[in-house]
């Protein structure tokens, strides 16, 4: 999978990804049903209207977060969402996305180069060097206005708000804002996140380098953002890699510069282990 399929800038229609509606969409996907937006609304209780509604936005959030993929023609009015391996384990183990690890992996997926949401990609990966880990709201706005060659205010949309709202992704708290200053948290490196990060990184390798048996960490970050998207500095990235090596997920060749990694597991299996270490 090397084709760019990022969600367009305004896919969210200014709605935040409310977890109760994500749960409803996961249940719809698990049921194997198909339907247009109105039918999905009727079945799930996700509000929709004639001119606007949350169903398209929530479905797209679920796609961008790597929880579902659309079977058949994505442009068809009849939608058939199917759970991904990540979506399946979330549906079974944490269907309301309450766990920090679930929210973090969904966030990392939303920033992805190939299948995330473009505004998140531009903020958390492409804009990583420009913005850093602490920036003004106006700096984020200027960055996005420049990227999109736009003069439209309000371009930030729900990017900050979703991480401050309890109904959405406050538990992971990737971004928080105080008096116009936005602070970005790096992804926590803890034992219970090991299998989840392992699955995510193995998925990045499979998507970006499907034929590779080994890859440098530099290439993996340049192409897929394994270090930039979580916001890890050098020390944090080394701790993350050490954790994955200890878990038997990756083999590391530290004699080479940059370091070379070799997958010792496959993403599909690793997703199923994602919650194994939760206390």
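Among the numbered criteria (1) under 19 Å from residue 11 (Cβ atoms); (2) assigned to a helix (DSSP H, G or I), which one does residue 101 miss?
Of the numbered conditions (1) under 19 Å from residue 11 (Cβ atoms); (2) assigned to a helix (DSSP H, G or I), the odd one out for residue 101 is (1).
Condition (residue is part of a loop (DSSP other than H, G, I, E, B) and at pLDDT 95 or above) applied to the range 141-148: is it met by at least one residue?
yes
Identify the residue in the range 169-182 that is free of Cβ contacts under 8 Å to residues at least 24 places away in the same chain and either surrounded by fewer than 19 Cβ atoms within 10 Å (Cβ to Cβ) or in the same structural domain as residue 105 (by TED's automatic domain parsing) (or both) and, among all such residues, is nearest to residue 104 (Cα to Cα). Even if it seems obvious, please write down each step before you answer.
Taking the range 169-182 first, the residues free of Cβ contacts under 8 Å to residues at least 24 places away in the same chain are 170, 173, 175-176, 178-179.
Retained after the next criterion (residues that are either surrounded by fewer than 19 Cβ atoms within 10 Å (Cβ to Cβ) or in the same structural domain as residue 105 (by TED's automatic domain parsing) (or both)): 170, 173, 176, 178-179.
Values: 170: 10, 173: 9, 176: 15, 178: 21, 179: 25 Å.
Residue satisfying both the conditions and the ranking: 173.
Out of 28, 15, I need the residue that is farther than 21 Å from residue 80 by Cβ, more than 16 Å from the chain's Cα centre (by Cα) and at pLDDT 95 or above. Which one?
Just a single option satisfies the conditions, and that option is 15.
Working only within the range 227-248, note down all residues that are in contact (Cβ under 8 Å) with a residue 24 or more places away in the chain and more than 25 Å from residue 120 (Cβ to Cβ).
Listed by number, the residues that qualify are 246, 247.
In the range 97-114, how many residues are in contact (Cβ under 8 Å) with a residue 60 or more places away in the chain and within 9 Å of the chain's Cα centre (by Cα)?
Selection size over the range 97-114: 9.
Checking the structure you have, find out if any residue of the range 158-168 is within 21 Å of residue 12 (Cβ to Cβ), over 15 Å from the mean Cα position of the chain (by Cα), free of Cβ contacts under 8 Å to residues at least 12 places away in the same chain and part of a loop (DSSP other than H, G, I, E, B).
Taking every residue of the range 158-168 in turn, at least one turns out to be within 21 Å of residue 12 (Cβ to Cβ), over 15 Å from the mean Cα position of the chain (by Cα), free of Cβ contacts under 8 Å to residues at least 12 places away in the same chain and part of a loop (DSSP other than H, G, I, E, B).
What residue, of 140, 144, is farther than 19 Å from residue 185 by Cα and not assigned by TED's automatic domain parsing to the domain that holds residue 24?
Being farther than 19 Å from residue 185 by Cα and not assigned by TED's automatic domain parsing to the domain that holds residue 24 holds for just one of 140, 144, which is 144.
Conditions tested, residue by residue: (1) free of Cβ contacts under 8 Å to residues at least 40 places away in the same chain; (2) more than 24 Å from residue 176 (Cβ to Cβ); (3) surrounded by fewer than 23 Cβ atoms within 10 Å (Cβ to Cβ).
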position	(1), (2), (3)
191	no, yes, yes
195	no, yes, no
200	no, no, no
203	no, yes, no
210	no, yes, yes
216	no, yes, yes
220	no, yes, yes
225	no, no, yes
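Being crowded, with 19+ Cβ neighbours inside 10 Å, touching a residue at least 24 places away in the same chain (Cβ under 8 Å) and outside any loop (DSSP other than H, G, I, E, B) narrows it down to one residue among 27, 63; which is it?
63
The values are calculated or read from the model by the stated rules, or taken from the named source; none is laboratory data. Everything numeric here is computed off the predicted structure, so don't read it as measured data. No Cβ is skipped: glycine too gets one built from the backbone with ideal geometry, and neighbour counts run over all protein chains shown.
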